[in-house]
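Below is one structure; the comments refer to it alone.
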Amino acid sequence: MKNLQRTSEEWKRLLTKSGVKPTKSMGQNFLTETRVVEEIVEAAGVVPGDLVIEIGPGMGILTRQLLTAGAEVIGVELDRELAVLLRKDLAGIDTFTLVEQDARYLDPAAITGGRDYQVVANLPYSVASVILRNLMESSQPPTSMTVMVQKEVAERMTADPGDMSLLSLATDLYTEAEIVLIVPKEVFLPPPKIESAVVRLVTRPGLPGSHESRERMFALATMAFQRKRKTLGNGLSMGLGIPKADIDMILHGVDIDATRRPQTLGVAEWIRIAEALP
Ligand code: SAM
């Protein structure tokens, strides 16, 4: 595949010349350093012929790097003005298609024709976790996702028991996740307030528990995290309206100490609780 990439200076000039006014509500912090997109595509392990869904291609800096690596790219962009610009800019490249849609409601099966795909993206930060969750729960989840998010979100996603949250629980349920790159603010236009990080999430082949027990797990964990200063026994008893002694007995039955805090539990333990509770 021929090199479609532009230099960092060319990207900065193009952004200024295009008249695009980046909006905060759409998380428009554009990358301008080619070195960073090279690193993202390398971390994603893209090889020629791979199908990649890129959420929010924007001006296309990452898109061009993916195409250069030989990927077939489907961009999903919500901003009408950017979509028009990008279609024009990449006209004639038959390995690129653009879908104008809100990625929070994307049904990947409808655009991949059932083919395996991975996701590579510099995500709009305010809706990043909603987009990731929608993809993981879709009828055709990606094989992997290599995505840029705020550094603190990346840290929460990859947290271990002791520092768990609903986000790390969901991440760990569906994927094996690691932070592969820390990205400074200065490589974006406009620069965001805080540092960013690229997380690589590899989809787990089989999920623990039944669909029903996973749904129940999230409902219980949400309840417990809403009262995360309380012990697990107290939090669940209050949330479910079940006497504390009964909850303690159920937790004891699945070998979980009722005095623990919700942030100390891993996915397997939550599934055990979900399957034991009435
Ligand atoms: N990929 C480009 C880059 O790295 O420079 C742009 C990344 S920018 C952080 C996020 C992009 O997502 C913007 O192009 C924005 O318009 C788009 N976007 C925002 N919300 C979206 C949504 N709900 N669905 C799809 N795209 C969205």
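The values are calculated or read from the model by the stated rules, or taken from the named source; none is laboratory data. These numbers come from a predicted model, not from an experiment. A quick note on method: Cβ atoms are made from the backbone with ideal geometry, for glycine too, and the neighbour counts reach across all protein chains shown. Keep in mind that these areas ignore ligands, DNA and RNA; they rest on the heavy atoms of the full protein, side chains included. Shrake-Rupley method; radii C 1.70, N 1.55, O 1.52, S 1.80 Å.
Results, tabulated for the structure shown:
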read-out: Global size of the chain as Cα Rg and Dmax, reported in angstrom; value: 21.1, 68
read-out: Amide proton proximity set for VAL180, modelled H, under 5 Å, gap of 5+; value: VAL198, VAL199, ARG200
read-out: Rounded to 10°, Cα long-axis angle of helix 34-44 versus longest principal axis of the chain; value: 50 degrees
read-out: Segment HIS211-ASN3, length gained on full extension (0.36 nm per residue, minus Cα span); value: 70.5 nm
read-out: Residue of ILE256, ILE74, ILE40 that the Gaussian network model of the chain assigns the largest fluctuation, springs spanning Cα pairs under 10 Å; value: ILE256
read-out: The chain: calculated mean residue ellipticity at 222 nm from DSSP helix runs of at least 4, using -39500 (n - 2.57); value: -11500 deg cm²/dmol
read-out: Solvent exposure of the chain as accessible area per residue, Å², 1.4 Å probe; value: 48 Å²
read-out: Accessible surface of segment 211-276, 1.4 Å probe, proportion on carbon and sulfur as whole %; value: 52 percent
read-out: Per DSSP, loop GluC sites (Glu not before Pro) in segment 29-114 with at most 11 further Cβ within 10 Å; value: none
read-out: Most mobile of TYR125, TYR105, TYR174 in a GNM of the chain (Cα contacts under 10 Å); value: TYR105
read-out: Sites ASP116 and ASP246, calculated FRET efficiency, Cβ-Cβ separation with R0 45 Å, nearest 0.05; value: 0.45
read-out: Phi to ³J(HN,Hα) by Karplus 6.51 cos²θ - 1.76 cosθ + 1.60 over segment 259-275, Hz, x for Gly, Pro; value: 8, 6, 9, x, 6, 8, 8, x, 4, 4, 5, 5, 5, 4, 5, 4, 7
read-out: Alpha-carbon centroids, segment 187-201 and segment 205-264: separation in whole Å; value: 34 Å
read-out: Carbon and sulfur %, accessible surface of segment 8-203 computed with the full protein complex present, 1.4 Å; value: 51 percent
read-out: Part-to-part distance (alpha-carbon centres) for segment 149-185 and segment 81-132, which is given in Å; value: 23 Å
